[in-house]
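Reading through the structure tokens given below for one structure.
Please treat every number below as a calculation from the coordinates, not as lab data. Treat the numbers as computed from the prediction; the structure is a model and nothing was measured. Don't worry about glycine lacking a Cβ; one is built from the backbone with ideal geometry, like all the others, and counts go over all protein chains shown.
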Ligand SMILES: [Zn+2]
């Protein structure tokens with residue numbers, strides 16, 4: 001555990017990136033009672049912690065992951081290039097873990113979540129949006145977050161039981177954790193329409209955020225449009241397919257229209273959104289965000305990447321790592337660095353917003369994501385190469401940079 005910080009302290013570094021304004025050379029951030037008192041270059045009359053050759057940022061936010069897979073050493077391989085074959089492999093992995101009597105109890109599941117939290121912190125993350133699948137025995141976690149409780153079910157005969165199981169998990173989680181609860185209807189092709197409707201109504205009534213994987217793969221688009229393709233074959237093999245789950249001719253826009261009614265909707269991936277759907281998201285920017293997962297996108301070799309079009313159209317885009325089932329790690333700093341080095345043409349200041357202001361807004365953490373007076377003192381320190389006169393963003397995202405420390409509300413959560 002870190003040493004407790006005094007009520008009032010200050011931090012200085014080679015660069016301070018407030019995000020709300022341009023980087024400040026040799027900047028100083030003053031913290032009082034967990035809030036930022038000032039940001040600038042004036043030396044305060046309190047103890048100043050000098051981070052040296054570092055960048056001080058708002059604490060990074062990972063807007064999408066599945067911590068249940070945090071123990072995987074490598075992404076889950078698939079039989080062939082179809083997305084359906086990866087879904088098959090992931091579900092087999094999950095089923096093996098959830099089978100009673102196999103030694104993988106809820107306690108093991110909680111252990112994987114705790115392992116993931118440690119990795120998040122080491123990646124400079126101070127807050128996470130995580131998808132949860134079961135009622136884990138919860139204990140204290142070293143990081144704050146929103147747990148999006150997952151709903152899965154195509155069969156009409158099991159819809160009520162699925163809903164009751166979801167409510168049970170949600171009530172349990174709300175009782176035993178300090179994390180905020182959200183809802184995750186998994187995808188349009190794994191949740192029947194009437195269950196999705198119930199989830200949306202429930203979220204509206206309780207002002208809960210909703211995260212949904214949407215327009216992720218061509219297999220999904222094919223199943224929605226014509227009830228056909230590799231996912232249909234897979235679901236029939238598993239005996240879970242139900243032709244009444246959603247109508248043929250369905251498209252992501254149908255789901256976006258319903259998601260637009262909740263206070264915060266996170267559209268995960270959105271790789272195959274069309275221009276009408278992108279325009280819809282831009283018009284609902286106040287409440288809707290797309291969560292792009294750069295390295296997971298690369299893992300699947302998707303033939304479409306709307307990231308630049310989304311940004312150009314005015315859609316709010318945040319980033320997430322997704323899980324170790326499709327990514328070598330869940331470091332949000334590595335995800336940012338990957339995106340910076342991917343030559344998208346996006347300005348680095350906009351890339352940084354995707355794991356700060358855009359991510360906090362997507363998750364509904366109003367009043368955080370920048371280093372500004374009055375905001376919570378949520379900070380990440382990144383060590384950068386010494387004696388460098390390079391552009392500050394270039395040094396921040398250089399391969400030599402590494403996460404040094406993470407603070408949440410003025411207290412140290414993690415230190416290198
Ligand atoms: Zn995901």
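When only alpha carbons of the range 1-89 are considered, Rg and Dmax amount to 20.7, 63 Å.
Please state the shape class of the range 60-363: rounded when a/c is under 1.5, otherwise prolate if a/b exceeds b/c and oblate if not, all from the C-alpha gyration tensor. The shape class here is rounded. For the range 52-194, the fraction of alpha-carbon pairs lying more than 23 Å apart is 42 percent, rounded to a whole number. The mean sequence distance of close C-alpha pairs (under 8 Å, at least 6 residues apart), as a share of the length of the range 321-396, puts its relative contact order at 15 percent.
Helices in the chain, meaning DSSP H runs of at least 4 residues, each add -39500 (n - 2.57). Divided by all residues, the mean residue ellipticity at 222 nm is -10000 deg cm²/dmol.
Of the residues 24, 268, 113, the one that moves most in a GNM of the chain with alpha-carbon contacts below 10 Å is 24. Please state the shape class of the range 126-219: rounded when a/c is under 1.5, otherwise prolate if a/b exceeds b/c and oblate if not, all from the C-alpha gyration tensor. Note, shape of the range 126-219 comes out prolate. From the largest down, the range 235-364 spans 46, 34, 26 angstrom on the principal axes of its Cα atoms. Comparing 343, 271, 53 in a Gaussian network model of the chain (Cα springs below 10 Å), the most mobile by mean-square fluctuation is 343. Listed from fewest to most Cβ neighbours within 10 Å, the set 186, 66 follows the order 186, 66.
Short-range pairs are left out: with C-alpha atoms under 8 Å and at least six residues apart, the relative contact order of the range 104-253 is 20 percent. Our summary gives the chain a relative contact order of 23 percent, counting only alpha carbon pairs under 8 angstrom and 6 or more residues apart.
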